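Peer 1: Pasting a structure below so you can have a look.
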Amino acid sequence: AARRAAPAHAAPKPRRPTSAERAELEGIEARIIEAETAVAELESILNDPEFQARRFAEVPRRLADLHAAQERVAALYRRWEELDSLPG
């Protein structure tokens, strides 16, 4: 009787999310909303002519804060996509 050899490059079985990952996925939307709110608040401050006129020395720091907040939003969306792609 001829035996068939197992494929040399069998696809690995997709791993299921851990309980910590499931909990993270359940709470990530709230974290994204919180991060997007921080971005909106910083944008509002930076777009305020009064702030720019009276507190212009703070603009570089606030811009750095804005860029960090925007990166946090992007990182959270990437993580959400990663968690959501796990089977189960």
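The values are calculated or read from the model by the stated rules, or taken from the named source; none is laboratory data. Because the structure is predicted, anything quoted here is derived from the model rather than measured. Here the Cβ positions follow ideal geometry from the backbone for every residue, glycine too, while neighbour counts run over all protein chains shown. The area values use the complete protein model at the heavy-atom level, side chains included, leaving out ligands, DNA and RNA. Shrake-Rupley method; radii C 1.70, N 1.55, O 1.52, S 1.80 Å.
Each row is one residue, and each column tells you yes or no for (1) surrounded by 13 or more Cβ atoms within 10 Å (Cβ to Cβ); (2) at pLDDT 95 or above.
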| residue | (1), (2) |
| --- | --- |
| 47 | no, yes |
| 57 | no, yes |
| 64 | no, yes |
| 79 | yes, yes |
| 86 | yes, no |
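Peer 1: Any residue in the range 22-50 that's under 30 Å from residue 88 (Cα atoms): show its pairings with residues that are open to solvent by 50 Å² or more (accessible area, probe 1.4 Å) and modelled with pLDDT of 95 or more at Cβ separation under 6 Å, as long as the two are six or more apart or on different chains.
Peer 2: 28/80; 35/72
Peer 1: Which residue pairs have Cβ atoms under 8 Å apart, sit 6 or more places apart or on different chains, and have a first residue in the range 62-88 that is farther than 21 Å from residue 25 by Cβ and a second that is at pLDDT 95 or above and open to solvent by 70 Å² or more (accessible area, probe 1.4 Å)?
Peer 2: Short answer, once both residue conditions are applied: 66/43.
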